[in-house]
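> Can you keep this structure in mind? I'll have questions shortly.
The values are calculated or read from the model by the stated rules, or taken from the named source; none is laboratory data. What you see is a predicted model, and the numbers here were worked out from it, not measured in a lab. Cβ atoms come from the backbone with ideal geometry, glycine included; neighbour counts cover every protein chain shown. Accessible surface areas use protein heavy atoms only, side chains included; no ligands, DNA or RNA. Shrake-Rupley method; radii C 1.70, N 1.55, O 1.52, S 1.80 Å.
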Amino acid sequence: MSSLLHFLRSTVFTKIVMATSGLLIIGFLVGHLLGNLLMFAGPEKINGYALGLKNLGPLLWVVRIAMITAFGLHVWSSIELALRNRAARPIAYDTKKSLKSTLASRTMLVSGMAILFFVIYHLLHYTFGIIQPNTYYAGGYRMESTGEIVHHVYNMVVAGFQNPFIALSYMIALAFMSSHVSHAMSSAFQTLGITNPNISKFTSKLGPALAAIFLIGYLSIPIGVMIGVIKKAPPQEHVLE
Amino acid sequence: MKLSLKVWRQKNKEAEGQFKDYALSDISPDMSFLEMLDVLNEQLLAKGEDPVAFDHDCREGICGSCSMMINGKPHGPESMTTTCQLHMRKFKDGDNVVIEPWRASPFPVIRDLVVDRSAFDRIIQAGGFISVNTGNAQDGNTLPIPKPDADSAMDAAACIGCGACVAACKNASAMLFTAAKVSHLGYLPQGQPERQRRVLKMVEQMDGEGFGNCTNTNDCEAACPKGISVKNITRLNKDFLKATIFG
């Protein structure tokens, strides 16, 4: 019991909280990317996918609550650790050079805060429809398969990224996110004590590799819209949502 | 060679410090960095000024006493080299050299470039030892140790406790030091009975001293004059998790 108390009070525990919650968020990002790439498969696929998610019912809420908890814990642990770190060096150096550390690893707090603001903005934009209400509610979509009228996610995303300012804001956010992930993923393995040499020889490359996949994958959507690979779906004959 | 030095001067723990500029000439490139400071101090003494206080002992790169930030790098520009083993030929004629003490709240400046590193001693006291009955030394071959483990233990044991890892870390974290001390015993059979208790106690002490925490930037590894690997940190994390779950 005493060792458990030691554990809960230590900075190593706080970091384990940060690493595990971060890995959960990365897991979500993988799923989110795979879902979003359905934009290239046309309105029937992505709108059907969105409907499928909505129809998950209570399971969707389990995932949502897990994500909100993970995000909350991630933010809490970062504040806790950042305050400690600040206190540990009250007088800054006159001259300080970075030796081996990457820019991404030194700017985790900045990129993390940028991501936090982006997540709020992103939710207000595509989940709550507050940023661009006119395009969010731009009519429903009639599923070719079932005839059901659903939220037109496809056109909403296209309309969103046709605005160059919105597209640019997403690209900037993606740059911060991939920078964050490039350090986070490798760092998490170190924090979780993965010493298995077969895994640990890859850990330093894991973060940058995943960051590149995220950056290319997520960027492909706004770029696809801007260069016209992803076009607005033609209007259908149906009753407005 | 000529040098322009910018050195941190601070009378004592309580006093407020400041940088002072000194111009030096006729410095031999064959001098060590500390010998260059000796020259400065002799000139200061001749002028009736206080010499610059700095820690030094063996001047062979093995005691871990010399500790100073030289142009933004712990122990200066040369990798895997302590300040005493750094030579002036690594600098150019006319160079500006900024010399500062380690900066971390658990390492308060006592005077000029000297910091109090007792926090490290207290981390060792918390668990960086093995408890054995004294008596005759055991025959070497009664405790077989795999060669890779012996090598890893020896690599971790190379830590001289100079504090460069803390100085280089953007968070002033002592994880590399603590991890080296946890690992060099943890690799060996003699270290097993107290392995779990050791890691918990040493981490608790490390946190208690007010060091920052590790964000795995690996600057510590690059700054370490003994090349201690951050793999030891991963190992500490693993030991810590194990000790909590199974301890």
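> Starting from 0 in steps of 5 Å, tell me what percent of the Cα-Cα pairs of the range B:1-82 lands in each bin.
3, 12, 21, 27, 22, 11, 3, 0
> Shifting gears a bit: Cβ under 11 Å from A:L109's Cβ, A:L109 left aside: what net charge do those residues give with Lys, Arg +1 and Asp, Glu -1? Don't skip to the end; give the middle numbers.
Working: positive: A:R86, A:R106, B:K170; negative: none.
Within the 11 Å Cβ shell, the charges total +3.
> When the Debye formula is applied to the Cα atoms of the range A:80-157, each taken as the same point scatterer, what base-10 log of I(q)/I(0) results at q = 0.15, 0.19 Å⁻¹?
-0.73, -0.92
> Moving on. Compute the angle between helix B:175-186 and the longest alpha-carbon principal axis of chain B, please, reported from 0 to 90 degrees and rounded to the nearest 10.
Taking Cα atoms only, the helix is inclined about 40 degrees.
> To continue, here is another question. I need the P(r) histogram for the range A:23-107: all alpha carbon pairs, bin width 10 Å from 0 out to the longest distance, whole percents.
All Cα pairs, binned at 10 Å, distribute as 13, 28, 24, 18, 12, 5 percent.
> Can you give the FRET efficiency for A:L56 and B:M80, using 1/(1 + (r/R0)^6), R0 = 41 Å, r = Cβ-Cβ distance, to the nearest 0.05? Could the numbers behind the result be given before it?
Values: r = 56 Å, r/R0 = 1.36.
In this case the efficiency is close to 0.15.
> Quick one: what Rg and Dmax do you get for the range A:147-193 from the alpha carbons, in Å?
17.3, 52
> Order B:16-24, B:167-175 from most to least packed using the mean count of other Cβ atoms within 10 Å.
Peptide ranking by packing, descending: B:167-175, B:16-24.
> Related question: In square nanometres, what is one fourth of the surface area of the convex hull spanned by the alpha carbons of the range A:122-218?
Over all viewing directions, the range A:122-218 projects a mean Cα-hull area of 9.0 nm².
> Do any residues of the range A:63-90 lose at least 50 Å² of accessible area when the full set of protein chains is present rather than just their chain alone, and if so which, with a 1.4 Å probe?
When all protein chains are present, A:R84, A:N85, A:A88, A:R89 each give up 50 Å² or more of accessible surface.
> Taking each residue in A:190-196, count the Cβ atoms of any other chain within 10 Å of its Cβ, then average. What number comes out?
On the way: counts 9, 8, 4, 10, 3, 7, 2.
For peptide A:190-196, the averaged partner shielding equals 6.
> Let me ask something else about it. If the cut-off is a Cα-Cα distance under 21 Å, which lysines reach A:K231, setting aside same-chain residues fewer than 8 apart in sequence?
Reachable lysines: A:K45.
> Nearest 100 Å², what total accessible surface is buried between chain A and chain B (probe 1.4 Å)?
Numbers: alone 14990 and 12810 Å², together 24000 Å².
The buried area between A and B, both sides summed, comes to about 3800 Å².
> Computing the accessible area with a 1.4 Å probe over protein heavy atoms, can you report the carbon and sulfur percentage for chain B? Kindly include the intermediate steps, with their values, before the conclusion.
Numbers: 5310 of 10970 Å².
Accessible surface attributable to carbon and sulfur in chain B totals 48 percent.
> Next up: In terms of Cα to Cα distance under 13 Å, which aspartates and glutamates are near enough to B:K13, apart from those fewer than 8 places away along the same chain?
Those aspartates and glutamates meeting the cut-off are B:D112, B:D116.
> Mind checking which helices in chain A clear 24 Å along their axis (Cα) and have mean Kyte-Doolittle hydropathy of 0.5 or more, DSSP H runs only?
Values: long enough: A:11-36 (36 Å, 1.51); A:58-88 (45 Å, 0.94); A:164-191 (39 Å, 0.91); A:197-226 (44 Å, 1.10).
Result, helices passing both filters: A:11-36, A:58-88, A:164-191, A:197-226.
> How crowded by other chains is B:94-105, given as the mean number of beta carbons from other chains within 10 Å of each beta carbon? Don't skip to the answer; put the middle values down first.
Values: counts 0, 0, 1, 1, 4, 2, 5, 2, 2, 8, 4, 5.
That average works out to 3.
> Do any of A:K15/A:K54; B:K170/B:K201; B:K11/B:K201 go past 26 Å between their Cα atoms, and which? Intermediate results must be reported in sequence, preceding the final value.
Numbers: A:K15/A:K54 34 Å; B:K170/B:K201 24 Å; B:K11/B:K201 35 Å.
Check vs 26 Å cut-off fails for A:K15/A:K54; B:K11/B:K201.
> Across peptide B:202-215, how many C-beta atoms of other chains are within 10 Å of each residue C-beta, on average? Before the final figure, lay out the partial values.
Values: counts 0, 7, 6, 0, 3, 8, 2, 1, 3, 6, 10, 14, 8, 16.
Mean number of neighbouring Cβ atoms from other chains: 6.
> What accessible surface, in Å², does a 1.4 Å probe find on B:T142, ignoring ligands, DNA and RNA and rounding to the nearest 10?
Looks like 80 Å² after rounding.
> Over 26 Å between Cα atoms: which of A:K201/B:K226; B:K6/B:K47; A:K96/B:K242; A:K100/B:K20 fall into that group? If you can, show how the numbers build up before the last one.
Numbers: A:K201/B:K226 22 Å; B:K6/B:K47 18 Å; A:K96/B:K242 36 Å; A:K100/B:K20 30 Å.
Cα-Cα > 26 Å for A:K96/B:K242; A:K100/B:K20; rest within.
> In terms of the ratio Rg/(2.2 N^0.38 Å) built on C-alpha atoms, what value belongs to chain B? The partial results should precede the final answer.
Values: Rg = 20.0 Å, N = 247, 2.2 N^0.38 = 17.9 Å.
Expressed relative to 2.2 N^0.38 Å, the Cα Rg reads 1.12.
> A further question on this structure: Could you tell me how far the Cα centroid of the range B:192-242 sits from the Cα centroid of the range B:31-56, in Å?
Answer, in whole Å: 36.
> Then there is this: What is the percent of Cα-Cα separations in the protein assembly as shown that go past 44 Å? Write out the running numbers ahead of the final one.
Numbers: 37333 of 118828 pairs.
Summing the P(r) of the protein assembly as shown above 44 Å gives 31 percent of all pairs.
> While we're here: How much accessible area per residue does the range B:46-183 have, counting only protein heavy atoms and a probe of 1.4 Å, in square angstrom? Write out the running numbers ahead of the final one.
On the way: 6150 Å² over 138 residues.
The answer is 45 Å² per residue.
> What do the square roots of 5 times the Cα gyration tensor eigenvalues come to for chain A, in whole Å, largest first, as semi-axes of the equivalent ellipsoid?
Working: eigenvalues 300, 83, 57 Å².
One finds semi-axes of 39, 20, 17 Å for chain A.
> What does the convex hull of the Cα atoms come to per residue for the range A:1-44, in Å³?
Details: hull volume 2.9 nm³, N = 44.
Spelled out: Cα convex hull of the range A:1-44, divided by residues, is 66 Å³.
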